[in-house]
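What follows is one structure encoded as structure tokens, with my remarks underneath.
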Amino acid sequence: MSAPPTTVEEYIAGFPADVQAVLHAVRATIRQVVPGGEERISYRMPAVFHHGVVAYYGAFKHHLGLFPPVVADPALRARAAAYAGPKGNLQFPYSQPPPHELIAEV
């Protein structure tokens, strides 16, 4: 068993090229919205902090998971409902392009 990644770059490098592309794109979206955010590995996945947690994201077998703090805006929650996972996370299937505008809003 290999050691867990210690940087976001190491985390991304551990996946196939197609999944790496999705991870890079989502990372870029988050960095654009939170330019002063601190990236780190937390709970064995990339996380962005800026005055608290902004979001965690991670690659899974069939989807990219985004773990934002609770979304308080009912309209935004309704727009994200199609991607709602079982534990308050959002799941974006690899079979579809990630909805970067929605990710930025969340």
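The values are calculated or read from the model by the stated rules, or taken from the named source; none is laboratory data. Owing to the predicted nature of the structure, the values given are computational and were not obtained by experimental measurement. As a convention, Cβ positions derive from the backbone with ideal geometry for all residues, glycine included, and neighbour counts pool all protein chains shown. Please note that ligands, DNA and RNA were not included when accessible areas were found on the heavy atoms of the full protein model with its side chains. Shrake-Rupley method; radii C 1.70, N 1.55, O 1.52, S 1.80 Å.
The table that follows gives values for the structure above.
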| read-out | value |
| --- | --- |
| Per-peptide average of other Cβ atoms within 10 Å, ordering 73-80, 6-13 highest first | 6-13, 73-80 |
| Percent of Cα pairs exceeding the 13 Å cut-off, where the set is region 45-106 | 62 |
| Distant-in-sequence amide H partners of A55 (H built 1.01 Å from N, under 5 Å) | V48 |
| Principal-axis tilt of helix 17-33 within the chain, Cα atoms, nearest 10 degrees | 50 |
| Label-point separation, F15 to I41 (7 Å along Cα→Cβ), nm | 1.5 |
| Nearest-0.05 FRET efficiency for Q32 and Q91, computed from C-beta distance (R0 25 Å) | 0.70 |
| Ratio of Rg to Rh over the chain (Cα coordinates, Kirkwood Rh, two decimals) | 0.94 |
| Carbon + sulfur, % of accessible area of the chain - ligands and nucleic acids excluded, 1.4 Å | 59 |
| Per-residue [θ]222 nm for the chain (sum of -39500 (n - 2.57) over DSSP H runs n ≥ 4, rounded to 500) | -9500 deg cm²/dmol |
| Surface accessible to a 1.4 Å probe, per residue, for the residues of region 9-48, Å² | 58 |
| Size of electric dipole in the chain: Cβ of Lys, Arg +1 and of Asp, Glu -1, about Cα centre, debye, nearest 20 | 260 |
| Rel. contact order, % - alpha carbon contacts under 8 angstrom, at least six apart, the chain | 22 |
